[in-house]
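One structure is given below, encoded as structure tokens.
The values are calculated or read from the model by the stated rules, or taken from the named source; none is laboratory data. Quick caveat, the model's predicted, so the values are computed rather than measured. Neighbour counts run over all protein chains shown; Cβ positions are idealised from the backbone, glycine included. Note: accessible area is taken over every heavy atom of the protein model, side chains too, but ligands, DNA and RNA are not part of it. Shrake-Rupley method; radii C 1.70, N 1.55, O 1.52, S 1.80 Å.
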Amino acid sequence: MPRASDFSDWIFDLDNTLYPATCNLFAQVDTRMAAYIARALDVPLPHARYMQKAYYKQFGTTLSGLMQLHKMKPEPFLDYVHDIDLSVVAPAPELATAIKNLPGRKFIYTNGSRKHAERVADRLGVLDLFHAITDIASNEFCAKPQPAAYERFLRSHNITATSSMMFDDMPHNLEAPHALGMATVLVHSDYMDHPVQLEMKQWSEPPAHVHHMTKDLVGFLSETSVAAPREHH
């Protein structure tokens with residue numbers, strides 16, 4: 001178990017990380033992405049869904065593909081796809097306490113929009129605990145899992161990689177943080193909302209770039225805060 005005092009910056013992905021995957025907000029976003037693409041590019045909905053998934057695989061995010069191949073303006077897309085019902089996200093006072101008890105700065109780092117991050121964090125009751133929110137726009141539309149995205153994020157907040165910890169629900173989003181020297185935590189569940197969950201179920205052990213795994217973010221943060229000091233030999 002890592003020790004909180006060894007870290008000065010804590011970086012949290014938003015979706016399916018700060019709130020449980022069982023909220024299934026992605027299903028709402030997923031539906032709205034396909035609808036937006038179909039309307040904006042005047043293609044049938046099945047083809048729009050194909051483009052959506054193909055761009056995600058090729059470019060890391062659907063939006064990156066739309067911007068590069070179709071010169072689509074990102075702001076209207078982001079506003080539309082994140083205009084979703086958050087009533088399924090419950091306030092999380094225990095999460096708020098666990099985050100508050102961590103030393104140093106806390107960040108939300110998401111490929112989504114700032115407005116979406118603020119709405120979700122406010123719903124959880126943790127918005128005021130974060131030093132800053134880095135969304136896709138403030139990171140100049142350079143998206144995870146591209147290594148350059150993390151380098152830009154670290155530079156913009158003057159974060160030392162080796163004294164920071166990154167939390168994400170997607171294992172491929174932790175490869176670059178590991179390479180940069182950050183501690184990595186995979187927040188996962190048994191809820192299936194993405195093909196990568198099926199791949200993770202086949203793991204006999206996590207890959208080297210995943211340093212820690214937890215299904216209980218609150219428990220992990222609480223244990224980290226009270227972990228015993230490292231021994232020095």
request  = Please work out the ratio of the alpha-carbon Rg of the chain to 2.2 N^0.38 Å and round it to two decimals.
outcome  = 1.02
ask   = By Kyte-Doolittle mean hydropathy of at least 0.0 and Cα axial length of at least 20 Å, which whole DSSP H helices of the chain are selected?
value = 25-41
ask   = What part of the accessible area of the chain, given as a whole %, is carbon or sulfur when the probe is 1.4 angstrom?
value = 53
remark   = In whole µm²/s, the translational diffusion coefficient that Stokes-Einstein assigns to the range 1-47, given a Kirkwood hydrodynamic radius over C-alpha pairs, 4 °C and 1.567 mPa s, equals 94
query = What is the packing order of peptides 176-184, 51-59, taking the mean over residues of other C-beta atoms within 10 Å and listing the highest first?
reply = 176-184, 51-59
remark   = Within the range 34-191, pairs of Lys residues whose Cα atoms are less than 24 angstrom apart, provided they are eight or more positions apart or on distinct chains, add up to 15
message = To the nearest 20 Debye, how big is the dipole of the chain about its Cα centre, given +1 on the beta carbon of each Lys and Arg and -1 on that of each Asp and Glu?
response = 480
Whole-number accessible area per residue in Å² for the range 113-181, which is evaluated in the context of all protein chains at 1.4 Å = 42
